[in-house]
1. Report the one residue of B:L84, B:S110, B:V43 whose Cα lies farthest in the direction of the positive end of the charge dipole of chain B (charges on C-beta: Lys and Arg +1, Asp and Glu -1; origin at the Cα centre).
2. Given points 7 Å out from each Cα along the Cα-Cβ axis, report the B:N51 to A:E17 separation in nanometres with one decimal.
3. Using DSSP to call loops (not H, G, I, E or B), can you name the GluC sites (Glu not before Pro) in the range A:55-88 whose Cβ has at most 15 other Cβ atoms within 10 angstrom?
4. Expected output is a single nm value to one decimal: the length gained when fully extending between B:L84 and B:D71, i.e. 0.36 nm times separation in residues minus the C-alpha distance. What is it?
5. What do you get for trypsin sites (Lys or Arg not before Pro) in the range A:1-97 restricted to DSSP loop and a cutoff of at most 15 other Cβ within 10 Å of the site's Cβ?
6. Across the residues of A:40-50, average count of Cβ atoms on other protein chains within 10 Å?
7. Determine which lysines satisfy two conditions relative to B:K78: a Cα distance under 24 Å, and not lying fewer than 8 residues away in the same chain.
8. So how strong a dipole does chain A carry about its Cα centre when Lys and Arg Cβ are +1 and Asp and Glu Cβ are -1, to the nearest 20 debye?
Amino acid sequence: EDQVTQSPEALRLQEGESSSLNCSYTVSGLRGLFWYRQDPGKGPEFLFTLYSAGEEKEKERLKATLTKKESFLHITAPKPEDSATYLCAVQGNFNKFYFGSGTKLNVKP
Amino acid sequence: EPEVTQTPSHQVTQMGQEVILRCVPISNHLYFYWYRQILGQKVEFLVSFYNNEISEKSEIFDDQFSVERPDGSNFTLKIRSTKLEDSAMYFCASTEKTGGGGELFFGEGSRLTVL
C-alpha cells in the first residue's frame with residue numbers, strides 16, 4: 001500500500017538554525033513527490049514538485065531533495081515567518097495524492 | 001494569480017442535515033479533487049473527478065457523499081445526512097494534468113461543524 005511518513009512530527013528551531021525535514025515513502029510508480037506549506041486554518045500551499053531521484057529544487061531558504069526512498073526539505077537560516085506545518089505528498093499510479101502527517105515547524109526569534 | 005475558491009468558509013449544521021460545499025477550480029484545470037482534514041490529523045483523499053465522472057474514490061467516500069460539476073465552473077461535494085464524525089476541514093483541489101507536472105492547487109477550505 002502506498003504510504004508517506006514524515007519526521008519529526010514537530011521541530012523547534014532558533015532563528016538562523018538550519019535543519020532538515022524528512023519524508024519517506026513507499027509508492028507504486030512514483031509520478032511525483034510534492035512539498036506543501038500549511039498555515040493554521042488554511043489550505044496547503046504548493047512549494048515544490050520532484051519527479052526523479054537526484055532531483056533538487058530551491059526556493060528562498062528552502063531546498064527539497066529526492067532519493068528513491070525519501071525526500072528532505074532543508075531549511076537554511078530559518079526565520080519566524082517560516083513557522084508552519086510542512087506536508088509531503090506523493091502521487092503514484094492513480095489519480096490520488098497521499099499525504100504524510102506533516103512536520104510542525106516553530107522558529108523562535 | 002489563478003486560485004481555487006471555496007464556499008462557504010465555515011458551515012455549522014445539525015446531524016442528519018444535508019450539506020453542499022462548493023468549489024470553483026482554476027479555469028484551465030481538468031482534474032478535480034476533494035480532500036478532508038480532521039483537526040490535528042492528516043489530509044485525506046476523498047475523491048477525484050475527471051471528464052464529468054469520478055475517476056477514483058477512497059473508502060471514506062461512501063454513499064453519503066456525492067460530487068457534481070453542474071456547470072462549467074463549479075464543483076460540489078454533497079453530504080446527504082451529516083454525522084458528527086464528518087466535522088472537518090474540506091479542501092477542494094485542482095490540477096492541470098496528472099502523470100508529471102500535476103501540481104495540486106488547493107482552496108482555502110470549508111470548515112464543517114456537525115452538532
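What follows is calculated from the coordinates using simple rules that are stated; it is not laboratory data. Since the model is a prediction, treat every value here as computed from it, not as a measurement. So basically every Cβ, Gly included, is an ideal-geometry build from the backbone, and we count neighbours across all protein chains shown.
1. After comparing all options, I get B:L84.
2. Between B:N51 and A:E17, the simple spin-label model gives 5.3 nm.
3. Filter output for the range A:55-88: A:E55, A:E60.
4. Numbers: separation 13, 0.36 × 13 = 4.68 nm, distance 3.05 nm.
Between B:L84 and B:D71, full extension yields an extra 1.6 nm.
5. A:R61, A:K68, A:K69
6. Per residue, the average neighbour count from other chains is 5.
7. Leaving aside lysines fewer than 8 places away in the same chain, those within reach of B:K78 are A:K42, A:K96, B:K42, B:K57.
8. Charge dipole of chain A: 60 debye, to the nearest 20.
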